[in-house]
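Encoded as structure tokens, the structure appears first; notes follow it.
Computed from the coordinates by the stated procedures, all read-outs in this text should not be read as laboratory data. Just so it is clear, the model here is predicted, and its values are computed rather than measured. Here the Cβ positions follow ideal geometry from the backbone for every residue, glycine too, while neighbour counts run over all protein chains shown.
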Amino acid sequence: MRRWSEVKRKIQSVEWTIAGLARKAGISESTIHKGVKHNTSLRPSTAKVIGDAFAEHAREEALAEAQDAQERAA
């Protein structure tokens, strides 16, 4: 992700809110709102933190799906 518009699309695709992303990534909501509003470039450190939050979310989703599959199989 290089621009805030990409972050906004990703937030919508995983059905999060800006507040949810802010909590997960540990950055302020106002930073996200300002970035999305002006569609500025992401700083490398911010991009990494946000990317890590989305990666963690993907791992949690995969784990939940695996647990559901095990429960159905049992």
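Can you list the GluC sites (Glu not before Pro) in the chain that are in a DSSP coil and have 11 or fewer other beta carbons within 10 angstrom?
Those that pass, being in a loop and sparsely packed, are E15.
So, R0 is 25 Å and r is the distance between the beta-carbons of R2 and A55; what FRET efficiency does that work out to, to 0.05?
My answer for the efficiency is 0.90.
Looking at G51, T40, L63, which one has the Cα that reaches farthest to the positive end of the dipole of the stretch 4-73 (charges on Cβ: Lys, Arg +1; Asp, Glu -1)?
Of the candidates, T40 comes out farthest on the positive side.
So who's got an amide H within less than 5 Å of the one on R3, skipping anything under 5 residues away but keeping other chains? H placed 1.01 Å off N, in plane.
Placed amide hydrogens put L42 under 5 Å from R3.
Note the count of lysine pairs whose C-alpha atoms are less than 16 angstrom apart in the chain, limited to pairs 8 or more residues apart or on different chains.
Final tally of qualifying lysine pairs is 8.
Using only the Cα atoms of the stretch 4-73, build the gyration tensor, take square roots of its eigenvalues as a ≥ b ≥ c, and label the shape rounded, prolate or oblate: rounded if a/c is under 1.5, else prolate if a/b is larger than b/c, else oblate.
prolate
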